[in-house]
Amino acid sequence: MKLHNIVTLTASHSGMGLSTTAAMLARALAGRDRRCALIDADFASGCMDLLLGVERESGLRFNQIVAPLGNVEGEALNDELIAWDGVRVLPYNPWIGLRPTWWEVQAVVRALSSANDVVVVDAGQGELVEAVPDLTSSMQIMGVELSVVGLARARTHRAKLSTWDCSSPHLIGFAPRGAPRGRGGVSMEEAEGYMLAEILGPIKPNTSLCGDVLEGLGIQAVPKNNRKSIERLADLVERTICDKQPTDIES
């Protein structure tokens, strides 16, 4: 079976803002009347509920799901998730220590795919992608840090996705955090020339958003300097997934 409504986000390294972008993308899609679920499949770091400021909200965490037969009922699972600005969120809490198996991840992805128009999966550095067929075959979005080191890492990460038989990823650029003004970054044009592909963005650091997240307030709004990039990313997902008319699941 091949699912048509899964979007998997990965990057070569952590800290560039991939999880925040995944969340903003999911909320943008929900704002367009798309039923959307957000899965935290970054089992190295996780904490999507903390990032969103909903850690005290009731709802299932990935650590609590058991699917011994590899099957979960979609609508029932959807109803048990945290609701955040129209998005159903399944966080992962790494400190609990119960790491889901690949077949439990597959079962969750398939269940939420059946109950939503789009499922956005934050897969971190992609450690799960090779093991979970529905992530391998999904729409791929790859974060690229717009620095010399970041581009080299991105090329390596894209090659890794290719060895896993993933589709060619759509690229989104992230301006490097903490770089001195006027130093450390490369232009979008230079990055596209190096990667030989179009790059959406850039996603820029935002001190107000960073402050809200660090204080546990979550993502209050998409920062003005990133709204256009997030909307373009949502446009891309809609064109690739939502505007297609095949059956939801093909054999």
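The values are calculated or read from the model by the stated rules, or taken from the named source; none is laboratory data. Predicted, not measured: the structure shown is a model, and the values here were computed from it. Because the Cβ atoms are built from the backbone with ideal geometry, glycine has one as well, and the counts that use them run over all protein chains shown. When the accessible area is computed, the model is the full protein with side chains, heavy atoms only, and any ligands, DNA or RNA have been set aside. Shrake-Rupley method; radii C 1.70, N 1.55, O 1.52, S 1.80 Å.
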Students often get this wrong, so try it: which of (1) 35, 20, 17; (2) 30, 22, 16; (3) 27, 21, 17 is semi-axes √(5λ) of the Cα gyration tensor in Å as calculated from the structure shown? (3)
In nm, to one decimal, how far is the modelled label at L196 from the one at R99, with both set 7 Å along Cα→Cβ? 3.5 nm
Please list H157, H170 from largest to smallest accessible area, probe radius 1.4 Å, with all protein chains kept in place. H170, H157
Simple spin-label estimate for A179 and S162 in nanometres, 7 Å along Cα-Cβ: 2.5 nm
With all protein chains present, calculate the accessible area of S147 using a 1.4 Å probe and round the result to the nearest 10 Å². 10 Å²
Rounded to a whole %, the carbon-and-sulfur portion of the accessible area of the chain at a 1.4 Å probe is 50 percent
Suppose the chain between V149 and R227 were pulled fully straight at 0.36 nm per residue; how much longer would it get relative to their current alpha carbon spacing? 25.5 nm
Any idea what the relative contact order of the chain is, in percent, if you count C-alpha pairs under 8 Å spaced at least 6 apart? 28 percent
Once the piece of chain linking A83 and C242 is laid out straight, how much longer is it, given 0.36 nm per residue of separation minus the C-alpha distance between them? 55.1 nm
Residue among Q64, A83, H13 farthest towards the positive dipole end of the chain, charges placed on Cβ: H13
What do you get when you divide the Cα radius of gyration of region 55-96 by 2.2 N^0.38 Å, with N the number of residues? 1.20
Sparse-neighbourhood loop hits (trypsin sites (Lys or Arg not before Pro), region 26-88; DSSP loop; Cβ within 10 Å at most 13 others) -> R56
With the dipole of region 118-251 defined by +1 on each Lys or Arg Cβ and -1 on each Asp or Glu Cβ, the option from P176, C242, L196 whose Cα lies farthest towards the positive pole is P176
Excluding ligands, DNA and RNA, what is the solvent-accessible area per residue of the chain at a probe of 1.4 Å, expressed in Å²? 47 Å²
When only the heavy atoms of the protein chains count and the probe is 1.4 Å, how do T10, T163 rank by accessible area, highest first? T163, T10
Ranking by accessible area, most exposed first, for T156, T207, T8, T240 with a 1.4 Å probe: T207, T156, T240, T8
